[in-house]
Amino acid sequence: MKKEPESKPRAVFATRFGAIAAIVGSSVGLGNIWRFPYEAGMHGGGAFLICYIICVALLGIPVMCAEFAMGRGTRRNIFGAYKKLCPGGKWQLSGYLGILASFLIISFYSVVAGWTIEFCVQSALGTLEFNGAESNHEQFLELITGWRSVVWTIIFLAINFGVLTGGVTKGIERMANVMMPLLFLLLIAFCVNSFFMPGFEDGISFLFKPDFSKLTPSVMLGALGQAFFSLSLGLGGMMTYASYFKEDTHLARTAASSALLDTSVALLAGIIIFPAVFSFGLSPQAGPALVFEVLPHVFSQLPGGMLWSTLFFLLLFLASITSTVSMSEISISYFCDEKKLTRGKATALSAAIALTGGIICALSFGPLSSATLFGMTAFDLFDYAASNILLPVGGFICAIFVGWKLDRKFLAGQMTNHGHHRFPLLGILRFCLRYVAPAAILLIFLNSLGFL
Ligand code: TRP
């Protein structure tokens with residue numbers, strides 16, 4: 001067999017903790033702390049949460065295992081992985097979807113990450129106002145419609161691509177190892193604080209008591225999209241990261257623990273946000289503004305509020321960086337491996353595309369707010385198209401590919417590290433990939449399009 005030229009040995013994550021920390025770093029981000037509460041708030045709380053948890057367990061974890069298996073089994077990016085496993089097939093075309101989705105996501109994501117920098121800086125300077133619902137709303141509106149948001153977006157992307165030029169193992173791993181545990185601790189502290197708020201009970205019952213009359217097709221689609229978004233699935237992000245795994249990384253365990261941690265962070269965020277929403281008489285349906293308008297209230301009640309606020313937004317910013325780094329890695333590794341660009345050029349090209357998208361999304365709250373398609377601004381459209389359509393489609397293709405097209409032996413080999421340990425759940429995993437995940441995704445799609 002002809003040997004493919006390998007340019008350099010592929011980098012691997014140095015330690016097992018490093019691999020998990022990087023996966024968790026990728027999955028824990030604005031998706032958990034900003035997007036989850038606002039989606040849950042808009043889609044009726046408890047009903048959304050139930051769908052979300054079902055999606056994570058039955059679709060998310062299996063698809064994550066499938067991505068891991070493909071990534072580590074081939075040591076390629078999404079495009080190369082499909083090509084290597086099925087030469088001449090059309091499967092690799094889904095790599096293009098992944099790359100498109102990664103650029104759409106990074107565009108709106110870096111705008112929100114830019115807001116976190118603004119809030120961090122303003123809290124540190126003591127200029128963040130905490131005067132009440134009206135003024136928090138005004139303050140937030142002023143930020144997102146003004147030029148500062150564009151500047152922060154650009155700064156965020158500059159930092160992101162700066163980190164990326166540092167390489168895989170060093171830059172990403174080191175940061176994730178320290179920051180993620182710290183973020184987790186801080187969230188727990190704020191949760192304890194929630195407990196003492198007057199709206200605690202209302203907030204908790206909003207989040208945890210399902211009102212099944214609210215269970216509409218769009219709630220299900222929202223939960224499906226959120227699950228894929230939060231777990232970084234469907235566009236080959238996990239595949240790319242798994243291509244840096246060592247041969248003895250336990251794939252199923254890594255997938256399950258990452259999903260558990262990711263979901264806990266989302267729940268913690270919910271437990272922080274909703275009691276505050278009800279305590280301060282705000283609406284859970286504020287949309288993307290929710291977290292940014294509610295949290296200043298929470299911090300203002302705490303002794304040393306500015307300090308908490310600075311620390312929180314700093315950590316949220318870092319959580320966003322570890323996520324966008326993984327998103328950017330998808331296109332960078334594609335340009336490097338498939339287009340044979342040097343890493344520097346690949347990074348510059350990705351940065352240029354992300355910058356264009358980011359600026360468009362940042363402007364979509366101000367000068368471009370009237371430029372809409374299907375009633376959505378660029379920001380909303382990019383989010384909807386990527387999260388609710390492209391990610392589930394990417395996950396669907398991956399599940400079908402690993403479940404039906406690949407030999408059972410491939411999956412078995414990866415899940416057991418070539419027989420080094422047992423994996424009794426292989427049958428269930430395959431069943432989920434062959435039937436449950438594809439059928440559920442299809443049903444949710446048809447349902448939300450009004451065909452069922
Ligand atoms: N999961 C991340 C979050 O919750 C976002 C993210 C990072 C992502 N990489 C991804 C989403 C790849 C989809 C695909 O913030």
Check on ASP337, modelled with pLDDT of 90 or more, more than 16 Å from the ligand (Cβ to nearest atom), among the acidic types (Asp, Glu) and open to solvent by 10 Å² or more (accessible area, probe 1.4 Å): no
What are the pairs with Cβ atoms under 9 angstrom where one residue, in the stretch 205-231, is in contact (Cβ under 8 Å) with a residue 12 or more places away in the chain and the other, located anywhere, is surrounded by fewer than 24 Cβ atoms within 10 Å (Cβ to Cβ) and of a type in the set (Phe, Trp, Tyr)? Sequence gap at least six, or different chains. PHE206/PHE278; LEU221/PHE445; LEU224/PHE445; GLY225/TYR384
Quick one: count up the residues across the stretch 344-365 that are open to solvent by 20 Å² or more (accessible area, probe 1.4 Å) and not aliphatic (A, V, I, L, M). 4
In the stretch 381-410, how many residues are away from the ligand (no atom under 16 Å from the Cβ), assigned to a helix (DSSP H, G or I) and open to solvent by 60 Å² or more (accessible area, probe 1.4 Å)? 4
Could you please find all residues in the stretch 201-235 being surrounded by fewer than 18 Cβ atoms within 10 Å (Cβ to Cβ) and either outside any loop (DSSP other than H, G, I, E, B) or within 15 Å of the ligand (Cβ to nearest atom) (or both)? GLU201, ASP202, SER205, PHE208, PHE212, SER213, LYS214, PRO217, SER218
Filtered residue count, the stretch 387-426, keeping only those that are modelled with pLDDT under 95, over 18 Å from ALA437 (Cα atoms) and among the small types (Gly, Ala, Ser): 1
Restricting the stretch 243-258 to residues that are crowded, with 23+ Cβ neighbours inside 10 Å and within 20 Å of ALA57 (Cβ to Cβ), which is nearest to the ligand (Cβ to nearest atom)? SER258
MET238: part of a helix (DSSP H, G or I), away from the ligand (no atom under 16 Å from the Cβ) and at pLDDT below 95, yes or no? no
Restricting the search to the stretch 414-431, which residues are touching a residue at least 60 places away in the same chain (Cβ under 8 Å) and part of a helix (DSSP H, G or I)? GLN414, MET415, LEU429
I'm checking my understanding of the structure. Among residues of the stretch 343-376 that are among the polar types (S, T, N, Q) and closer than 23 Å to ASN160 by Cβ, which one is nearest to the ligand (Cβ to nearest atom)? SER350
Take PHE312 and decide whether it is closer than 20 Å to CYS191 by Cβ and either free of Cβ contacts under 8 Å to residues at least 24 places away in the same chain or crowded, with 21+ Cβ neighbours inside 10 Å (or both). yes
Heads up, the helices (runs of 4 or more DSSP H) in the stretch 29-92 (entirely inside) with at least 3 residues that are open to solvent by less than 10 Å² (accessible area, probe 1.4 Å), over 24 Å from SER213 (Cα atoms) and more than 16 Å from the ligand (Cβ to nearest atom) are 61-74
Any chance ALA189 is in contact with a Leu (Cβ under 8 Å, 6 or more places away or on another chain) and either part of a helix (DSSP H, G or I) or open to solvent by 40 Å² or more (accessible area, probe 1.4 Å) (or both): no
Give me a count of the residues in the stretch 315-340 that are in contact with a Leu (Cβ under 9 Å, 6 or more places away or on another chain) and touching a residue at least 60 places away in the same chain (Cβ under 8 Å). 14
If ALA437 satisfies all but one of (1) modelled with pLDDT of 95 or more; (2) open to solvent by 40 Å² or more (accessible area, probe 1.4 Å); (3) not acidic (Asp, Glu), what's the number of the condition it fails? (2)
Confirm whether PHE119 is within 12 Å of the ligand (Cβ to nearest atom) and within 20 Å of THR322 (Cα to Cα). no
In the stretch 13-28, which residues are at pLDDT 70 or above and surrounded by fewer than 18 Cβ atoms within 10 Å (Cβ to Cβ)? THR15, ARG16, PHE17
It is to be established whether one or more residues within the stretch 276-297 are charged (D, E, K, R) and closer than 20 Å to MET42 by Cα. yes
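The values are calculated or read from the model by the stated rules, or taken from the named source; none is laboratory data. Being a predicted model, the structure only gives us computed values, none of them experimental. Methodologically, a virtual Cβ is constructed for each residue, glycine included, from the backbone with ideal geometry; neighbour enumeration extends over all protein chains shown. To get the accessible areas, we keep the full protein, side chains included, count just its heavy atoms, and leave off ligands, DNA and RNA. Shrake-Rupley method; radii C 1.70, N 1.55, O 1.52, S 1.80 Å.
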